[in-house]
2 protein chains.
Amino acid sequence: MSDQGTTPTPSPAPPAPTGRPPKVTNRGRTAVPVASSNSDSTDMPEFELFGSPGPRGLPPLTEYLDIFDVDMMRRPDESNKMQHHTAFYSSDQLVVRRGQEFQVNITFNRPYDPARDKIAVEFVIGSSPQYSKGTYIPVFPTKQRKGSWEGRITNKSDKTVTMGITPTANCIVGKYHMYVAVSTPFGIRRTRKDHSRDLYILFNPWVADDAVFLDDEPEREECVMSEMGLIFHGSSDDVSERNWNYGQFNYGILDACLYIMDRAEMPITDRGDPIKISRKASAMLNSRDDEGVLVGSWSGDYTYGVAPTSWTGSTDILLGYASSKMPVCYAQCWVYAAVFNTFLRCLGIPSRVVTNFYSAHDNDGNLKTDIILDDNGRIDRNLTRDSIWNYHCWNECFMSRPDLPPGFGGWQVVDATPQETSDGMYRCGPASVKAIKHGQICFPFDAAFVFAEVNSDVVFYSRSRDGTMEPVKVNRTHVGRMVLTKTPGEMTRRDITDQYKFSEGSAEERTVLEKAEEYGCKREKSNPPPADVDLVLPTLEVSVGDDFSFSLELVNRSDQQRTVDAYISGSVVFYTGVTSSEFLFMTPTVEIEPNKSVKELVEVQSKSYMKQLVEQANLHFIVTGKVKETGQIVTAMKVVNLHNPKLIIEVSGGGKVSEEMMASVQFTNPFTFSLEGVYIRMEGPGIMPPKFKYYSLIAGGSSLTWTEFFIPLRAGSTRVIATLDCPSLRQVLGQATITIEP
Amino acid sequence: MSDQGTTPTPSPAPPAPTGRPPKVTNRGRTAVPVASSNSDSTDMPEFELFGSPGPRGLPPLTEYLDIFDVDMMRRPDESNKMQHHTAFYSSDQLVVRRGQEFQVNITFNRPYDPARDKIAVEFVIGSSPQYSKGTYIPVFPTKQRKGSWEGRITNKSDKTVTMGITPTANCIVGKYHMYVAVSTPFGIRRTRKDHSRDLYILFNPWVADDAVFLDDEPEREECVMSEMGLIFHGSSDDVSERNWNYGQFNYGILDACLYIMDRAEMPITDRGDPIKISRKASAMLNSRDDEGVLVGSWSGDYTYGVAPTSWTGSTDILLGYASSKMPVCYAQCWVYAAVFNTFLRCLGIPSRVVTNFYSAHDNDGNLKTDIILDDNGRIDRNLTRDSIWNYHCWNECFMSRPDLPPGFGGWQVVDATPQETSDGMYRCGPASVKAIKHGQICFPFDAAFVFAEVNSDVVFYSRSRDGTMEPVKVNRTHVGRMVLTKTPGEMTRRDITDQYKFSEGSAEERTVLEKAEEYGCKREKSNPPPADVDLVLPTLEVSVGDDFSFSLELVNRSDQQRTVDAYISGSVVFYTGVTSSEFLFMTPTVEIEPNKSVKELVEVQSKSYMKQLVEQANLHFIVTGKVKETGQIVTAMKVVNLHNPKLIIEVSGGGKVSEEMMASVQFTNPFTFSLEGVYIRMEGPGIMPPKFKYYSLIAGGSSLTWTEFFIPLRAGSTRVIATLDCPSLRQVLGQATITIEP
């Protein structure tokens, strides 16, 4: 290397360019961008020549077979949609399920001759069709030339052939375009692109080879075909229910579901896998991270959108998201779960909404929820920062888990409610319910997180003056008290707690908790001796606005006198267990004779809580105390769900498909004060699209009736569902069951 | 319910509010926002009273112990930093490691009397300190009052006590504040907050209880303490190396690493877990999704930032990100891996950069990389869309895996390069290397993805005229040819392929591939018979700008004459395997006598490729062909790395700590054309911060010398590292090894 030549002199560096860096391209990184939108597509050429045209131009193609017409047989009453359980989809296109044959009619200029004519139908999805990626699939009518999807001629009459096509049971789910191609020695001639030959291919729970195969007809009928939702809330000893119209067959919903995956830029090639789709959707159903479907809010201020308690179904939400391309306001857990359910059922993945009562949150494998008491036994609200949700809704979806060892297929938990710590992202699952039950929480995805939601301990710590903390009571049964879902085919609840947990105190339960600890779950190890005084709070049913009272019972199980310094605290809480305000506080000192019990009356006046009410009107009573003689800490907790007034729904008219009917909603303001800014919403699965009415003011004691006409689309038992919602009174519900004759 | 009263009339709904929805709050959702920033903090009160002040105001605290001074013993030459292996950190604060005792001196107004005085030191991290979350930790000097961290008095002299404090080996890693508190019957008195009492607690690979314990001193010395990087690239038969200054001890780097987790809003309570930290960092090191550290670009146009090939170390990148709070431009895989390595070593997680030669990408469990040939055996570049990276760099970090069954601790793959499909997010790992080797890819995180990177098959398909595809050749050994990392304590390479794979063709290898298939990996099943003609391409070492030639050898292993129609294609490729442009194309027909071989000469002139060169100057030769007599398809591939000119570095001067020295970079432009817009960069671990010089033009044949002065900070063997980079010539490297005496 030489040192000669003109020596270059250094210059000042050029000024740094300002502004944001340019958009990153795939140049150099990948040969083509990854296809990640189902609405993008390529046009296949109408003529594809082998070699260049000869000196005389294009050879005459006229002597070969020409395609006159293609009929996708896409009407709801034709065999395709009937046999594929897709007749309910309001779509102009053909909708079929994978792993099962469907038929198309192809008409040529002359009768088709298998010996002489080479034809194929070609299916294409996304912008970058590739045979080896399953995004370009040629299907041939003869056994000799086999593609990945099977084809056969099922009928021939004159110039028309009927071709039966069976997509593989693991093919990509989404919207395809179908071409018919004729191969000649000079090249390939194809049909021109036409939207009438678009078709949707869905998951198929009726076919054994599909990863979502569910071999139970009532369950399948409920978890794929039912639009009628029943979602449980309240508390485990006073369960309420909420009706919901999933609306998965409504016009535009299927396209909205595909749009959600497009918006997530989910690679097309991943869209045959229910594990990947359900995981991606759990992230996309909430707006965190990725501008997904629903904005969560628990704040009580829903000025900029619809209150979570006001929705009656998923249709408005999904169509709103797909049309505005902006997240929809607002959701809480059951809204996330209900819309997620629509998404899954619409694509053909069996799914259901479940409710877990007393659900530990934001724990991620730490099986402790801490309540800190001061050294007098009173709750320290500054230091107590964990909350237990009164209930939490999530989804289960049904699929095999080839990515896990055998035994973990079946129901999988997925959850779209944005949690603080599920692998650091706002998504959760699929986590195998069987893995959760058996403490096998080392398998993806987020099993440890769901395990904590149903298995956490509530630990009461006593904090002494010098700052040391000591666990004084561990409640191992409060969290995950009950898991409910709708009974297939009935409007009742089904207790599925035993699918998540072995029975309390059983040997299996202990083994499971030990197994989970091996995988890093942290449990409270200390086992403070139980106190010999019990506190008992009764179960209450109270209507909102009522004065009421109840008795706290203190039971002395010892042979000596006991004196309890008790703290009785009543708070208005959100359903997330977060305290809004304390409306009642008593500090009785109670003396109890040996082996006796004493009742302490607690009186609650409506005026003390009515002004503080938030959202779902839950009152939370916590009693803590210290036994003077022994220093033991005693506690009791109870959630009281105030029952709201109801809407009265009356339905009249024909009760037959396509005959006009009428539904009226009646409401009387039971309070002395006026309700302002009131929305009433109404809809019904298969009978009525979502409708709403706004009342700026409903004076105290006044009544209203709102009437709407509707035309049932299909037969069967269904409901009209209505809600009333305003800032000072939320979650007023009503429904009427009707049966539509064919 | 009554129908009487004034009937409210419906109003038109109020106008929909415009604009974006308001910022979502945590109100109602959680009691307090989750603490997710280490730069946020709360001030603990200076006086914390028990009960309200009495009628006469505050009681006199003067009779109790008063705190005069707190000395954290934070100088590099004091025992804390020496014993904790943290003396190299350029920080004014104390830096220690968890699970190991450190000392603080506390001076009071009078001698401390253990019988009478109640003192505690309190450690606080984040905005919402809670005892039960490990974010508020009181430590007591006596055995009787035990907190989670142990404390003891290790020395007493007059009014000063030395307290030894041992954080638990699983405590949160980050920046804490320490208070000294004195407890009196009336309340607690504390030191006022002062940044001199901030301290950093890091992971501790020297302590058996820490999840990152690494019981191998040379490995630990390399993977935690070494700032000198050696990163391999090129191709498996012509390996090149790149020097890198990790700079994990440089001023501001530790704060930058904590900022990265703050920017990710990573909950403070997760920051004791190396699994969660390394997973989160793999997402945050790239800018996709989350405005992370580095913007990837493979485009060749780096106008808006620094070319990936131009960086000499991590310091500029991390300090730039922390100060601008904007992603830094630009990175390719080794830059991501090198900066990730700095992050991990800085926090005390043992880590190393590894290079996988021929790395399959974007596959996610599909173990096939497809190359499509037309029915003459020529590559169809329109249909061939997969690419195999010539090499890919990722990181391994060392930790136990309590979340998995026993046996999967140790080295874990993490990868910050944004992939297209790793669980749908731009992050990857930690995936257990042992799990990958044994095909146990059902365990988190992303093991299936890494498995595919080292185990994919290359499948050649032949596409016939009617569109059907047939696999004609499967190469099962091309991908994952070799995995290299730096040898501990030496500037040489270490082959660790056997940590990822059993030897080719062994029984174990077959078992592993079968196991992986059970978990959903899709392999090519067909096994087309090998052709009886082999194509052999030689290994070449060529300098950029040279004309060169080589012989393609065609070997006929049959007893009959063979005729091959060959397609020889030479392309300029990115290191990602993506083809930029074809500069050579030959279609010889070669006749080979039975059991003979024929050599076909291929001549390459520099002018044919020089204008097309991109980036790292790789030429890719692919030969495909069809044997006329048998219809067999034959293939051969070879990557030729053109060797660039080098920089000459000369160092002179004292060679002692704190004595000024001089380094000069010399370069001669070997080409006839000018180089424009040239940056030269230089730095050295422990001796020189990053520096650069800009030359607007270096004329053909001319030379330059750039000289910089520097003052070594510490003793030992180190290197001066330099790069030269401009749009028409990238990746010109140079280095000089020097030894600094104490």
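A few comments on the model shown:
- Of the residues making up the range B:508-516, one or more are within 14 Å of another protein chain (Cβ to nearest Cβ), at pLDDT below 90 and crowded, with 20+ Cβ neighbours inside 10 Å.
- Yes/no for residue B:561 being away from chain A (no Cβ under 14 Å), open to solvent by 30 Å² or more (accessible area, probe 1.4 Å) and in contact with a Pro (Cβ under 8 Å, 6 or more places away or on another chain): yes
- Count of the range B:261-285 residues, restricted to those that are away from chain A (no Cβ under 11 Å), surrounded by fewer than 22 Cβ atoms within 10 Å (Cβ to Cβ) and not basic (Lys, Arg), is 1.
- Residue check, residue A:301 open to solvent by 20 Å² or more (accessible area, probe 1.4 Å), modelled with pLDDT under 95 and over 27 Å from residue A:581 (Cβ atoms): no
- The range B:602-652: number of residues that are in contact with an Asp or Glu (Cβ under 6 Å, 6 or more places away or on another chain) and hydroxyl-bearing (Ser, Thr, Tyr): 1
- Residues in the range B:493-519 that are touching a residue at least 40 places away in the same chain (Cβ under 8 Å) and within 28 Å of the chain's Cα centre (by Cα): B:493, B:496, B:499, B:500, B:501, B:502, B:512, B:513, B:516, B:519.
- Any hit, the range B:601-622, residues being in contact with a strand residue (DSSP E or B) (Cβ under 9 Å, 6 or more places away or on another chain) and closer than 13 Å to residue B:532 by Cβ: no
- Residues of the range B:688-718 that are assigned to a loop (DSSP other than H, G, I, E, B), touching a residue at least 40 places away in the same chain (Cβ under 8 Å) and not basic (Lys, Arg): B:711, B:712, B:713, B:715.
- Residue check, residue A:185 open to solvent by less than 30 Å² (accessible area, probe 1.4 Å) and touching a residue at least 60 places away in the same chain (Cβ under 8 Å): no
- Sole exception among (1) in contact with a Phe, Trp or Tyr (Cβ under 8 Å, 6 or more places away or on another chain); (2) in a helix (DSSP H, G or I) for residue B:515, by number: (1)
- Strands (runs of 3 or more DSSP E) completely within the range A:578-625 that count 1 or more residues being away from chain B (no Cβ under 14 Å) and among the polar types (S, T, N, Q): A:589-592, A:597-604
- Selection of the range B:713-742 for residues being crowded, with 21+ Cβ neighbours inside 10 Å and hydroxyl-bearing (Ser, Thr, Tyr) yields B:718, B:723.
- Scanning the range B:454-486 for residues being more than 14 Å from chain A (Cβ to nearest Cβ) and either among the small types (Gly, Ala, Ser) or without any contact (Cβ under 8 Å) to a residue 40 or more places away in the chain (or both) gives a total of 3.
- The listed residue being touching a helix residue (DSSP H, G or I) at 6+ places or on another chain (Cβ under 8 Å), of a type in the set (Phe, Trp, Tyr), buried (at least 22 other Cβ atoms within 10 Å of the Cβ) and without any contact (Cβ under 8 Å) to a residue 60 or more places away in the chain, out of A:321, A:330: A:330
- One residue stands out in the range B:296-326 among those that are facing chain A (nearest Cβ under 7 Å) and not in a strand (DSSP E or B): the one that is nearest to residue B:259 (Cα to Cα), namely B:305.
- Qualifying residues in the range B:141-161 (those that are β-branched (Val, Ile, Thr) and either open to solvent by 20 Å² or more (accessible area, probe 1.4 Å) or within 14 Å of chain A (Cβ to nearest Cβ) (or both)) - the one farthest from residue B:79 (Cα to Cα): B:142
- Number of positions in the range A:439-453 that are more than 10 Å from every other protein chain (Cβ to nearest Cβ) and either of a type in the set (Lys, Arg) or in contact (Cβ under 8 Å) with a residue 60 or more places away in the chain (or both): 5
- Filtered by the rule that a residue be open to solvent by 50 Å² or more (accessible area, probe 1.4 Å), in a strand (DSSP E or B) and closer than 30 Å to residue A:470 by Cα, the range A:626-651 gives a lone residue, A:626.
- Of all residues in the range A:145-194 being assigned to a loop (DSSP other than H, G, I, E, B) and small (Gly, Ala, Ser), the one that is nearest to residue A:214 (Cα to Cα): A:169
- One residue stands out among those in the range A:677-732 that are among the β-branched types (Val, Ile, Thr) and farther than 25 Å from residue A:641 by Cα: the one that is nearest to the other protein chains (Cβ to nearest Cβ), which is A:705.
- Residue check for residue B:349: at the interface with chain A (Cβ under 8 Å from one of its Cβ atoms), in contact (Cβ under 8 Å) with a residue 40 or more places away in the chain, of a type outside the set (Lys, Arg) and open to solvent by less than 10 Å² (accessible area, probe 1.4 Å): no
- Residues of the range A:370-416 satisfying the condition of being more than 14 Å from chain B (Cβ to nearest Cβ) and part of a loop (DSSP other than H, G, I, E, B): A:377, A:415, A:416
- Screening residue A:456 on (1) over 30 Å from residue A:632 (Cβ atoms); (2) crowded, with 24+ Cβ neighbours inside 10 Å shows it passes everything except condition (1).
- The set of residues from the range A:109-137 being more than 47 Å from the chain's Cα centre (by Cα) and aromatic (Phe, Trp, Tyr) comprises just one member, A:112.
- Complete set of residues in the range A:486-500 that are over 22 Å from residue A:738 (Cα atoms) and open to solvent by less than 30 Å² (accessible area, probe 1.4 Å): A:496, A:497, A:500
- If you go through the range B:668-694 and pick out every residue that is over 31 Å from the mean Cα position of the chain (by Cα) and open to solvent by less than 10 Å² (accessible area, probe 1.4 Å), you end up with 2.
- Strands (runs of 3 or more DSSP E) wholly inside the range B:96-140 containing at least 3 residues that are touching a residue at least 40 places away in the same chain (Cβ under 8 Å) and within 12 Å of chain A (Cβ to nearest Cβ): B:118-124
The values are calculated or read from the model by the stated rules, or taken from the named source; none is laboratory data. What you are looking at is a predicted structure, and each value in this text was computed from that prediction instead of being measured. Here the Cβ is made from the backbone with ideal geometry for all residues, glycine too, and neighbour counts use every protein chain on show. Surface accessibility is based on the protein's heavy atoms, side chains included, excluding ligands, DNA and RNA. Shrake-Rupley method; radii C 1.70, N 1.55, O 1.52, S 1.80 Å.
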